[in-house]
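The values are calculated or read from the model by the stated rules, or taken from the named source; none is laboratory data. Keep in mind that this is a model prediction, so the values were computed, not measured. Ideal geometry is used to build each Cβ from the backbone, glycine not excepted, and the neighbour counts take in all protein chains shown. The protein model used for the area step is the full one, side chains on, heavy atoms only, and it has no ligands, DNA or RNA in it. Shrake-Rupley method; radii C 1.70, N 1.55, O 1.52, S 1.80 Å.
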Amino acid sequence: MSGEKKLGWKDIPIGGYLLEPGSAMKYKTGDWRAFRPVVDQKRCVNCLLCWIYCPDGAIVRLEKYIDVNYDYCKGCGICANECPVKCILMVEEKR
Amino acid sequence: MAKVMGLTGNEAVAYAVKQCNVDVVAAYPITPQTIMVEVISQYIYDGEMDAEFICVESEHSAMSACIGASLAGARVFTGTASQGLALMHEMLYIASGLRCPIVMGVANRALSAPLNIHGDHSDMMGSRDCGWIQIYSENSQEAYDWTIQAFKIAEDPRVLLPVSVNIDGFILSHCVENVVVLEDEDVARFLPPRKPLITIDPTKPITVGAICLPDYYFEVKFQQVQALKEAYNVIREVNREYEKLSGRRYDFVEAYAMDDAEAAVLCLGSTAGTAKVVARELRKEGKKVGVVKPWVYRPFPEESIIKALGDVKAVAVLDRACSFGAPFHALCSDIIATLYRHGKDIKVFNCVYGLGGRDITPMEIRSIFEETLETARSGRVREYIKFIGVRE
């Protein structure tokens, strides 16, 4: 993520190896996003189509509606496209 | 008493591989390399060599299998030539990028089209930026000696890069020469079993070959730049240690009759042998000429080349491959860049020769030497790029 201090060539494993499993969790891809899905949780019917279709597992299931994990959401917009009640709006990121 | 064997270049490499206690060989036969892996598979079948021979359906798969085996911690060898090396091209970069210390024998051969099976350097020169250490041999003895040294260089934790040992197709690969070989125990002492730093191991999972985006890719590539720099020191150390073992002295560059030379021919591989014979004749006629032969092409040994060229006034650089449309051909471009960087005003011209296995004769090399002497006298290059022996 932008703002994190990145390691130099001396401090990373050779050959781009990842020496611990599951390290993708640490690699936050949220800053790739150009559009952010904004959920109108009052209108959400909790059908979970977005949760099924999200390629990054970035939809968070709550009790009565969904939320988005912005650390990993890349802003592809599939959730907004699939939402049957159109309660997800893609809003341009302003950085 | 040293043991002498009559071996072709291919057999010399194969014999060295046997002595190096290689664990895995994955290869696909291609002329003129075929015999190299054929002999190895025979060693394995006869129980003379305890290794896994993986028969693959292409060179792309051969190198892929080598990469997997190398990552698992095995000592790995493969061999190829020409179209096979070209088909491997993608995997060559992955082998070096994943820091796999694979050793590969290349029986250099022309590239299609038109189809040709004979020797030139187009194959390896086409892959010269693949991040491999690249060595060129003049004869079977050098092919044998460099193959043994190659494993030690490749596997050094400061390097961890693949190495190609090049032999001229047919001229070396199929020509029988006397080769002084070492005892198995001596090679085993010189080259103990590989000790990999990191291996793929199901009990301790790691990820190899993961995506690496603009934020880290550049740093990983810079590590390779540094590893090739480190290779300078390691190659020198390995050469000195091998000299103690074998009595044969290797270096980055061989300088022949260069002490007081006024002009020189610089070339790779077997052609250096012919050039030395011609230089000896010219020396008898009182002409001060010598031969410079880089053994190591990558990393490019700038300092050694500058030292070897000494005070010559003119040098002809012979390229056995064509860099179409380039201002100079591969080896000559590197020499000119080296001279520029070291502020040396040596007149250089480039001779492209021997494409598709066309012989270069002593008479042709003599006329190249004469032109270097003429260039040294006049201080003027008559023709920057010559194509030796091409018919109008």
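Quick rundown of the values:
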read-out	value
In the range B:178-199, the residues that are touching a residue at least 12 places away in the same chain (Cβ under 8 Å), open to solvent by less than 60 Å² (accessible area, probe 1.4 Å) and more than 30 Å from A:Y27 (Cα to Cα)	B:V179, B:V180, B:V181, B:L182, B:D186, B:V187, B:A188, B:F190, B:L191, B:R194
Members of the range A:29-53 found to be farther than 11 Å from A:C79 by Cβ and of a type in the set (S, T, Y), listed by number	A:T29
Out of A:Y53, A:Y65, sole residue that is touching a Cys at 6+ places or on another chain (Cβ under 6 Å) and more than 9 Å from chain B (Cβ to nearest Cβ)	A:Y65
Residue tally, condition modelled with pLDDT of 95 or more and not hydrophobic (A, V, I, L, M, F, W, C), over the range A:1-12	3
Among the residues listed as B:A113, B:A74, the single one being outside the structural domain of B:C322 (by TED's automatic domain parsing), open to solvent by 60 Å² or more (accessible area, probe 1.4 Å) and aliphatic (A, V, I, L, M)	B:A113
In the range B:98-113, the residues that are in a loop (DSSP other than H, G, I, E, B) and touching a helix residue (DSSP H, G or I) at 6+ places or on another chain (Cβ under 8 Å)	B:L98, B:R99, B:C100, B:P101, B:I102, B:R109, B:A110, B:L111, B:S112
Subset of the range A:49-70 (residues that are surrounded by 14 or more Cβ atoms within 10 Å (Cβ to Cβ) and either in contact (Cβ under 8 Å) with a residue 40 or more places away in the chain or assigned to a loop (DSSP other than H, G, I, E, B) (or both))	A:C54, A:D56, A:A58, A:Y65, A:N69, A:Y70
Unmet requirement for A:G75, which otherwise passes all of (1) within 11 Å of another protein chain (Cβ to nearest Cβ); (2) open to solvent by less than 80 Å² (accessible area, probe 1.4 Å); (3) not hydrophobic (A, V, I, L, M, F, W, C)	(1)
Extreme residue, farthest from the chain's Cα centre (by Cα), among residues of the range B:200-222 that are in contact (Cβ under 8 Å) with a residue 12 or more places away in the chain and open to solvent by less than 50 Å² (accessible area, probe 1.4 Å)	B:V208
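Here's the yes/no breakdown for (1) modelled with pLDDT of 95 or more; (2) crowded, with 18+ Cβ neighbours inside 10 Å; (3) among the hydroxyl-bearing types (S, T, Y):
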| residue | (1), (2), (3) |
| --- | --- |
| B:G6 | yes, no, no |
| B:V13 | yes, yes, no |
| B:V24 | yes, yes, no |
| B:Y45 | yes, no, yes |
| B:A65 | yes, yes, no |
| B:G97 | yes, yes, no |
| B:P101 | yes, yes, no |
